Amino acid sequence: MTYEVTKPEEQWRSELSPEEYAVLRQAGTERPWTGELLGERRTGVYRCRACGNELFRSETKFDAHCGWPSFYSPLAGDRVELLEDRSHGMVRTEVRCARCGSHLGHVFDDAPQTPTGDRYCMNSVSLTFEPVEG
């Protein structure tokens, strides 16, 4: 797929921390219960750390007790790209930023307590949070 934001890997590597690069550009995963946004409760917007694309609103965030920030819906379906992921001997659905192709996490259909039934399980290191003063 062709993305609106494209950069050579050397540029991504220089702009992102080693942990950010490993997750966003190499589809790594941060350790559970370690992400800075896991306990974030303020009202605001979650954006792709690599390109700033607005991805999720705080209204869709919920505590899934899984160790990563979880949302039941992206801001709009065209903000994320869903791809089949057969790594690690499993079949999962990878979630990428539709603007730059960066890895964000995975989506699972195991959240019946939410309006959509989905759990977008995101890496904190893949996101930035912008509080909205209310």
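For this structure, a couple of remarks:
- Contact annotation: residue pairs with Cβ atoms under 7 Å, 6 or more positions apart or on different chains, pairing a residue in the stretch 1-22 that is touching a residue at least 40 places away in the same chain (Cβ under 8 Å) and within 22 Å of residue 79 (Cα to Cα) with a partner that is among the small types (Gly, Ala, Ser) and surrounded by 12 or more Cβ atoms within 10 Å (Cβ to Cβ), are 1/101; 3/101.
- The residue list 49, 57 contains one member that is surrounded by fewer than 19 Cβ atoms within 10 Å (Cβ to Cβ), among the basic types (Lys, Arg) and more than 16 Å from residue 111 (Cα to Cα), which is 57.
- Residue within the stretch 31-41 that is among the acidic types (Asp, Glu), surrounded by fewer than 20 Cβ atoms within 10 Å (Cβ to Cβ) and at pLDDT below 95 present: no
- Subset of the stretch 7-27 (residues that are hydrophobic (A, V, I, L, M, F, W, C), touching a helix residue (DSSP H, G or I) at 6+ places or on another chain (Cβ under 8 Å) and assigned to a helix (DSSP H, G or I)): 12, 23, 24
- Close contacts from the stretch 71-87, counting a first residue that is under 21 Å from residue 59 (Cα atoms) and a second that is β-branched (Val, Ile, Thr) and assigned to a strand (DSSP E or B), with Cβ to Cβ under 6 Å and a gap of 6+ residues or different chains, come to 74/80; 80/95.
- Test result for residue 13, basic (Lys, Arg) and buried (at least 17 other Cβ atoms within 10 Å of the Cβ): no
- Residue 34 meets the conditions (1) farther than 21 Å from residue 92 by Cβ; (2) out of contact with any Lys or Arg (no Cβ under 7 Å at 6 or more places or on another chain) in every case but one. The failed one is (1).
- Residue list for the stretch 81-96, filter: touching a Phe, Trp or Tyr at 6+ places or on another chain (Cβ under 8 Å) and buried (at least 17 other Cβ atoms within 10 Å of the Cβ): 95
- Segments classed as strands (runs of 3 or more DSSP E), wholly inside the stretch 45-113, with at least 3 members that are modelled with pLDDT of 95 or more and touching a Cys at 6+ places or on another chain (Cβ under 8 Å): 103-108
- Residues being touching a strand residue (DSSP E or B) at 6+ places or on another chain (Cβ under 7 Å) and touching a residue at least 12 places away in the same chain (Cβ under 8 Å) - total across the stretch 105-134: 19
- Being closer than 19 Å to residue 20 by Cβ, out of contact with any helix residue (DSSP H, G or I) (no Cβ under 6 Å at 6 or more places or on another chain) and basic (Lys, Arg) holds for only one residue in 96, 92, and it is 96.
The values are calculated or read from the model by the stated rules, or taken from the named source; none is laboratory data. Note that the structure is predicted; figures quoted are calculated from it, not measured. Every residue, glycine among them, receives a Cβ derived from its backbone with ideal geometry; neighbour counts consider all protein chains shown.
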